[in-house]
Structures are given as C-alpha cells and as structure tokens.
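The values are calculated or read from the model by the stated rules, or taken from the named source; none is laboratory data. None of these values were measured; they are calculated from a predicted model. Heads up, the Cβs are rebuilt from the backbone with ideal geometry, glycines too, and the neighbour counts pull from every protein chain shown.
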Amino acid sequence: MKKNWLMLSVIFAVMLVLTACNSAEKNTAQTDDGNKDKPAQTDDNNVDTNSIPMEITNEGDVIKGGTLQVALVTDSPFQGIFNWELYEDAYDSEIMKYASNVLYELDGDFLVKDTGIAKLEVDAENNKAKITIQGDVKWSDGTPLTTDDLIYPYEIIGHPDYEGVRYDDDFKNIVGAEEYHDGKADTISGIKKLDEKSIEITFKKVSPAIYSLGDGLWGYAEPKHQLESIPMKELISSDAVRKNPVTLGAFKIDKIVNGESIQLVANEHYFKGKPKIDKVVIEVVPSTSIGEALKTGKYDIATSFPTNQYDGLKNLSNVAILGRPELAYSYVGFKLGKYDKANRINIFDEKSKMNDINLRQAMAYAMDIESVTEKFYQGLRVRANSLIPPVFASYYDETLKGYNYDAEKAKQLLDKAGYKDADGDGIREDKNGEKFTIRLASMAGSDTDEAIVEYYRQNWKDVGLDVQLTTGRLIEFNSFYDKVQADDPEIDMYMAAWGTGTNPSPAGLYSEGAEFNFSRFVSPELSEMLKDIDSDKAMKPEYRAEAFSKWQNYMAEQAMVFPTFFRTEIIPVNKRVKNYNVDYANETELQNIELTADAPLK
Amino acid sequence: MWKTILRRVLMMIPQMFVLSLFIFILAKQMPGDPFTGLITPETDPSRIEELRIQAGFYDPWYVQYYHWITNALQGDFGQSYTYKIAVSTLIGERGLNTFWLSLLSAILVYLIAIPLGMLAGRYQESFLDKSIILYSFISYAIPTFVLSLIFLFIFGYRLMWFPTSGTVDVGLEPGTTAYYWNKIYHLLLPAITYAILGTTSIIQYLRSEIIDSKTQDYVKTARSKGIPMRKVYTRHIFRNSLLPIAAFLGFTITGLLGGAIFIETIFGFPGMGNLFVSSVMSRDYSVITALVMLFGFLTLLGSLLSDIIMSIVDPRIRID
C-alpha cells in the first residue's frame, strides 16, 4: 500500500506539470502568460501577423445541406452548462454560440448595433433603456419570443438562490435589483413591461458602457415558458439547461454526449432564416492530436487552437489558416501600495521601493521583448504599446510609442534617477547607496517560460539591475494570484496577463476601489480620467475615444504597469467551407455557412 | 475467517477517518480556491467574496470538516464547484466510462500476458523466450503517452481503423445495438494501448514461477506417472504458477476505477484520471476529497480481496 501511494504521488507530480497549462487557462480569463500558446522554438519562419488573413473564399460548387465538423480543442471534457446566466467555462460558451440566445448584434468595437433580435434605445438623461423585440421572433420549439423572455434572465441573476458570479456591482445598478435579491420584493421594480414588444429598464446610473452591455444591461433572453416551472436551485442541474435547452440561434441542440460532443441541427424558426447547412457537430479534441486531425480532414474549424502548433499547419494544403487579434494583453506591473480590504480601497504608498517613474520606465526599455516575440513566439505575439488591445479600433491609440528595446536609454534613466553603481560590481545600488535587489513574481506555464524570464533577467542585469525571482522559481497559477492579490511583501514586480472581454472600460482594473488594481497605484489624475471614460459626456463616441487616448498616454508615462505582448488567435478552416470570415467587425453569420464537399478535404 | 474479514472491515473505519481528515485539511491548504479561476476584469471581487462566504470557506476548518463529514456519512458529497452537479452523479458518470475501459483492458492484459508468460517459461532461453522478454522490457520502458500517441497516429489517423476521440458518436440513439457497438468500438484502441503497457509484471511473474515449478518434485512425479508434458504444463504447473497473479487480483478489481490520466487525455476519454487531476487544478474541493476517499477505500478493499482470493486459491494460506 505504501508503494501505491508513492506511485500515486509520483504520477501526480508529473501530471501537475503536464496539465498545468491547459487546466489553468481553461476556466479563466486571468490568463497566465504563455499558457495556451506555448511558444515553439524556431529561429526563422517568423510570420508577419498582418499577413495572416481574416477571411477565406474557396473554389468549388456548393452542396445542398451538409454537416459542419467543429473541433473544440481542450484536454478536459466540457462542463455542459448551456445557459448564459449560469455557465462559467469558456468552452460552454463556444458551444452556445451556435445555438445562442443573443439579443443584440455588436459592431467592430463590440458596441450594440440595431440589427439584432432586439433594439436598444438609451435615454441617458433619465437613466432608462428601452428594449424592443424587432419583428416576429420564435424560439427553437416554435413558441414566440415575448417580453417575459427578456425579463426572465434578470430574474435568474437577481434571484436570492442564484449562485453565479453575475450578480455583481453592475447588476445592482438596476433599480430594485438588490431588493429583489434580498427577498424584499417579488419582482425587480426597475424592469417594466411597456407593451407586447418592449420593456423598459431603469438604472441608477447610465454610462457609455451600456453599449458594451455594461451597467447591468443583459444581452440574452431565456425561454420563460420552459424554465419558469424549475426552482432556481435546481435550474443548473436541470435538463432544460443540460440536455434540451430551447434557444433562439441558427442551430438548436439535438444530441449531447456529456463532456465530449454535441450535435446541433438547423433551426427552422431562426429569425434570419433557416441555415443553409443541416447540422453542426462539435467534438472535444485533445491538443496533442488536433494537428493530425486537421491534416486528415476530420474537422472543418478548430476553436481555441494552440498557437504553438502553428508550424505544423503551415504546409497543409487542405486547411486555410485565419487569424485575428486576441482580446488580451500581457503586462508587467509594479507593487506600489496595499489594498485595504475593509474599506475596499487601494492605498498608494509614495515611499514604496518601486515608486520612481524613471526606474520603471528604465525597466521597460531594458526588456528585449522584440527578440522574444521573434525567437519564441514566431511573431504570433508582438510588443504591445498600449493597455487597450488594437482590436478596439476606436479606442486603441496607435500613436503611442511604447517602450521599444533601448538599453542605453534605460541606463541614462537610471543614472538620472540616482541608481548608481557605487561599489563597482556592475550592479547598481539604490539612491542611498544601499544594495538594491528587485523581486519579480512570474508564473509557471509552458516549458519556455523559464528561458524567457531568464532572458529578461539578463536584460536587466545588462543595465545594472539585480532582479531575483520571488520564491526563487516560477510560481504556479493559483499561488501566483494568491500572492499578487494579497500584496505579498516579497513581490516588487510581477508579470501577468489580462483577457479584456468585450467591454474595454478600464475602471475594473485600475480604479481606486478596484481590488484587481494589483499595482495599487492611485492618483487624482488617474481617477479623473477613468471617470471621464465612463461619464455622461463620453456618451459621444469622439469624446470617449479622446478620454481613452488620454488615459492610455498617462498609463504609458507612469508605467506602474506596462504592456508587453499583444497576441494573435489562430483559427484553422478546412477548404471545403465556402466563405469564412473571423473579423470581429464582419464575422460570417452561421446561417450563411456553405460547404463545397460532403466531407472535409484531406 | 469470517471473523477476520469482519475485523478487517471494521479496521477500515478509523483508517478512512484519518484519511478523510488528512485530505480535507491538505486540500484546503492549497493556494487558491474554486473561485480563483473565475476572476476576469468583468467579475466583481466583492461578489466572489460573497460566494466564498456562502460556500463557508471562511469558517474554521473543523466547522467545515464537520459539515462535510456529516453530509458525507449520509452519502452526500456535495456539489462539484466546477461542474455544478452532485459529486456522486459526476463520479458515477466518469467512473462508468473508466470502469468499461479498465475492464476491457484488464481482460486484454490477461489474454496477452498469460500465454506469453507461459510460453516464455516453458521454452526458457529459446528465441521465443528472448523475444517475449524483449517485448516486455520495451512495453515496460515506453512512456504511456508515447505509445498512446503512436497508436493514435497509426491506427486512428493513418489507417483509420479506430475512432480518435470520445466514448461514442454523438449522432446515435442511446439504447440501440448500434450505440453499444459504437461504444465498444471507441473503447478498443485505448484499451489495447493500456493493455500492452500493463502486461510486463504478469509475464515476468508467470515466467519465473514456471521456471521454478519445472524442477519441483510434483512435476517429476507427474512425468514419471507418464503424463504428457503438455498436460503437465496446462494442468499442474499452470495452476501453481498463477498464485502470484491471484495475489494481485484484488487490486486489479478495485483498480478498475482508478483511471489512466495519460490515455484518457490523449484519447479524449472522459474518465476518472482526468477528473481527478482537473479537480485538483481547479481546486474543486468536493470532488478532490470524494475521489481520494474513494481511491483510499478501494485500496483497502483491494488488499482485503486479494487476501481472500489467495485463501481460496491456495488452501495452505489462511487469513487469521
């Protein structure tokens, strides 16, 4: 028995290393730098990310109907919670996209357009929004979509028994939501049915974020006729969520094999018309074999494809490689204070070790990120210049210079700031001539992370800075965020990444009250700028763009956090798919997908 | 004997209790919790705090332990934080997958290993013996994931003899014959891979037992009575040589639920091994604790079963 346990623990230790990457990234947007796209080590073969197309049109005559084969690349089974209010796993949402209960269509900046199932009209002066169902829309079971179905999702999230993450500050912005949640009211008083086609929601305050589905506005409908008889506590395990959800999208769920595959069929009631293909089959494919599966023509489209396998795809004649920017950035942050949990406020400490703009800027200039993107990421990552990913075209400030690699400039800045090498050992001392060591927390992810961090440490040493790793090695994902969030005194700076989602407002990450403002930097100017971005005046797009630009410049100058990478997402598509476009601004709509052969090309 | 078995079963209670205490405390000691992974810029930290409070993570450990153990004693291991369904349902689903896979591969292991071990022992030092030894060394040395990937590549993708992932095709109607055939079809390749990797110890034990037996007195007696060599092997030697294999049978039976993480991951097969590792990674406490308790119980049960089986097949052994 002793032997068994020993074996178990050895196997287990090995497994931890092997699965760390995938499991950690799977259920989180708080990304670990270098998880999904383990960089492949190649010296040449770099791609210019602009050369990866977003769209493909293939030759050949279109067949009637057909089945689209979709690979969901993951090493764990999907969770199978098919409900927008309750799901947590990104893979479930990938699947739900095909069935979708989405009410609004979004433009390239992820702002609500008028073309969806529902139309949004905001009355900012009175903090009200009117939502109207456009035309005759039917659920996949043929029942008409009613205003009750628009209201029901709010009653799910606000329900006293709701156990998800979406009952948050944003949601409490709806008048009456808290009373409903506390059980003091039977309905949410701020949500009213106006007529057969429209509802009105009253908010405590409306900001420009409402057009990015913020402020508490919810973007989905739920079939009340199917769900209302199920008690809230049982909803998440009910068949209506797990097996046979009634939906509004182009396809409806037909059969499910728990955790591994799902078959959808065309929804004849779809409001944009019945899709041209008959079926979609989505299957979980392990990351180890997705390259081979694409090569042998098992799948038409692979979602969440691991970027480190890009090389293996390049020479396939049957697969087109499409790419688009990821909604994420990697960054380096400096610890400049503490979070006061009791008062929910960040307290900036002027005396903190890293509170010197020149020092922080110098560290940014000293990092040779350009070489890392080339040697380790094949150019699928690029050096970032801003904390807003370029995909938010209207808000991203492309004029920002960023901190391009310049060791000389770094040295000058350090000299200017008074970090001088007093004892001649090649390492600078601090302003008082004391020994100066910076402790960096960095996450363990892929096998090349260690090499990359060592390279950066060498970069910093070249300009005379002694950077040591907190705990002496790379830190596992959960411990890393535990330490960073708790303002561990052993951390002076840290390397991490954020997935931004579709709402670019930076208030949740950098404001005075934000617990995720890990650098703990606070200034009156910054607070003002953040307020400005979400102010009434910013309801005007030009004003908001201007406010975003000001904020980006301020962040770049202060460098309490500075961005390191932007990433590119790779989407392989089999050449039997007639037209396919992955550009967020102009994505191919599901009902329009057509195929040119009976099976994916080999 | 029944007394002894009863005593052993009663002994399991304090053993399981100590195990439960250890695993409960150790699980909670891990950095992070099930909600750490939910953090995005759009989630509200105070909501996460609320959920932690609701889940009782801030109660003292003995309070949490008390809640958990009292429910567990009534068969309620709680809800999975990740999958949001009852832990027993989740383990039931995955356990069943793993059970069929392990059962098929255990059968294949015996089908491959017993003839090979016997042949190797009987024709000791021959070319056949050396080939079998070479095979068993290679299969012992080759890492699971390497062989799995090679097999998947050759038989799944190149020759296309077998399906490449999952337990069953999605289009089939559950309950039909086609559905069950399809399930077995999906089991074959992972089970064969698993079996080939698991034959070494049986081949080696069997071979050396047979070599030992050949010089035993009872063999000489049998031969001198004029029984043909073939019969001596199949009747006399074989039965005696199976003893060390019978000694492991209990563990093999209870091990059917253990799962095989590499094979499950590479063949996209939702089983227990995958569930265990991913529950640890996502800090799904309720699943971790339930699985460790289950594995612990199975280990204890396995050793008891092995002893019982031994006493049945070898009358010289008595458990007292």
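Brief remarks follow.
- Qualifying residue in the range A:101-124 (condition: within 13 Å of chain B (Cβ to nearest Cβ), over 23 Å from A:VAL582 (Cα atoms) and either surrounded by 19 or more Cβ atoms within 10 Å (Cβ to Cβ) or at pLDDT 95 or above (or both)): no
- The combined condition, being away from chain B (no Cβ under 14 Å), touching a helix residue (DSSP H, G or I) at 6+ places or on another chain (Cβ under 6 Å) and under 24 Å from A:PHE348 (Cα atoms), is not fulfilled by A:MET495.
- Scanning the range A:195-237 for residues that are part of a loop (DSSP other than H, G, I, E, B), β-branched (Val, Ile, Thr) and closer than 22 Å to B:GLU42 by Cβ yields A:VAL206, A:ILE236.
- Of all residues in the range A:473-526, exactly one satisfies the criterion of being in contact with a Pro (Cβ under 8 Å, 6 or more places away or on another chain) and on the phi > 0 side of the Ramachandran plot, namely A:GLY501.
- Here B:ILE48 passes the criteria (1) more than 14 Å from chain A (Cβ to nearest Cβ); (2) over 30 Å from B:LEU304 (Cβ atoms) except the one numbered (1).
- Selection status of B:THR176, hydroxyl-bearing (Ser, Thr, Tyr) and at the interface with another protein chain (Cβ under 10 Å from one of its Cβ atoms): no
- Within the range A:237-251, the set of residues being within 14 Å of chain B (Cβ to nearest Cβ) and closer than 14 Å to A:LYS279 by Cβ comprises A:PHE251 only.
- Strands (runs of 3 or more DSSP E) within the range A:345-454 that include 2 or more residues surrounded by 23 or more Cβ atoms within 10 Å (Cβ to Cβ): A:437-442
- Total residues in the range A:512-550 satisfying the condition of being crowded, with 19+ Cβ neighbours inside 10 Å and within 26 Å of A:ILE347 (Cβ to Cβ): the figure is 16.
- A:GLU178 being acidic (Asp, Glu), more than 10 Å from chain B (Cβ to nearest Cβ) and free of Cβ contacts under 8 Å to residues at least 40 places away in the same chain: yes
- Residue in the range A:198-216 that is touching a residue at least 60 places away in the same chain (Cβ under 8 Å), acidic (Asp, Glu) and surrounded by fewer than 21 Cβ atoms within 10 Å (Cβ to Cβ) present: yes
- Exactly one residue out of B:GLY121, B:GLY37 is facing chain A (nearest Cβ under 10 Å), in contact (Cβ under 8 Å) with a residue 12 or more places away in the chain, small (Gly, Ala, Ser) and in contact with a Lys or Arg (Cβ under 9 Å, 6 or more places away or on another chain), and it is B:GLY37.
- Evaluation of A:GLY297 against (1) part of a loop (DSSP other than H, G, I, E, B); (2) under 30 Å from A:ASP534 (Cα atoms); (3) touching a residue at least 60 places away in the same chain (Cβ under 8 Å); (4) in contact with a strand residue (DSSP E or B) (Cβ under 9 Å, 6 or more places away or on another chain) (one fails), failing number: (2)
- Among the residues of the range B:242-273, those that are of a type in the set (S, T, N, Q) and either more than 9 Å from chain A (Cβ to nearest Cβ) or under 19 Å from B:PRO315 (Cβ atoms) (or both) comprise B:THR252, B:THR254.
- Test for A:ASN553: is it assigned to a loop (DSSP other than H, G, I, E, B) and either touching a helix residue (DSSP H, G or I) at 6+ places or on another chain (Cβ under 8 Å) or farther than 21 Å from A:PRO325 by Cα (or both): no
- Selection within the range B:16-34: residues that are within 14 Å of chain A (Cβ to nearest Cβ) and surrounded by fewer than 14 Cβ atoms within 10 Å (Cβ to Cβ). The member of this set that is farthest from B:SER278 (Cα to Cα) is B:VAL18.
- Condition broken by A:GLN485, with the remaining ones in (1) within 14 Å of another protein chain (Cβ to nearest Cβ); (2) over 35 Å from the mean Cα position of the chain (by Cα) satisfied: (2)
- Residue list for the range A:280-301, filter: more than 13 Å from chain B (Cβ to nearest Cβ) and under 21 Å from the mean Cα position of the chain (by Cα): A:ILE301
- Enumeration of residues in the range A:307-340 that are farther than 30 Å from A:ALA362 by Cα and within 14 Å of chain B (Cβ to nearest Cβ): A:GLN309, A:GLY312, A:LEU316, A:ASN318
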